[in-house]
1. Do we find that Ala18 is small (Gly, Ala, Ser), in contact (Cβ under 8 Å) with a residue 12 or more places away in the chain and surrounded by 19 or more Cβ atoms within 10 Å (Cβ to Cβ) in this structure?
2. Looking at the stretch 22-119, what strands (runs of 3 or more DSSP E) fall wholly within it and have at least 2 residues that are farther than 20 Å from Glu3 by Cα and within 16 Å of the ligand (Cβ to nearest atom)?
Amino acid sequence: MHEMSLMSEIIKIVSEDAKVNGIRKVSKIHVIVGDLSNVLPDALELAFFHFQKQGLGIIDETTELEMMREVAKARCQTCLLEFTPDYRVALCQKCGLPDCLLVSGETFRVESYEGSDEW
Ligand SMILES: [Zn+2]
């Protein structure tokens, strides 16, 4: 389950940034998960619960994880049709050509987080 290491990475990024900004407690972490990012939201949440229980200081059981889904979108380079692809490599649904660019859906990143400098 690679969501475990992804979550660990997210917590590291947020913790380091929080430290720089004098934030002692993180109340919410917003992440963007693209439909084609190979990240399973359920598994990511499980990983988050795991780290919550570990009590890593900045994150505890009151911290929330908010996942925002990014819908997959591709654009055909030939007819400019925009559609929702099932895979990273997509055939245009109109002209059937494989000449499509992925516009969105591969994103996986921390969008923002909320916290306070109080204990
Ligand atoms: Zn097309």
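1. Values: small (Gly, Ala, Ser): yes; in contact (Cβ under 8 Å) with a residue 12 or more places away in the chain: yes; surrounded by 19 or more Cβ atoms within 10 Å (Cβ to Cβ): yes.
For Ala18, the condition - small (Gly, Ala, Ser), in contact (Cβ under 8 Å) with a residue 12 or more places away in the chain and surrounded by 19 or more Cβ atoms within 10 Å (Cβ to Cβ) - is met.
2. Details: elements: 25-34, 64-70, 73-76, 100-104, 108-116.
Once the strands (runs of 3 or more DSSP E) in the stretch 22-119 are filtered for at least 2 residues that are farther than 20 Å from Glu3 by Cα and within 16 Å of the ligand (Cβ to nearest atom), what remains is 73-76, 100-104.
We did not get these values from a lab; they are worked out from the coordinates using the rules stated. Bear in mind that the values here come from a model prediction, so they are computed numbers and not experimental data. Cβ: placed from backbone, ideal geometry, glycine included. Neighbour counts: every protein chain shown.
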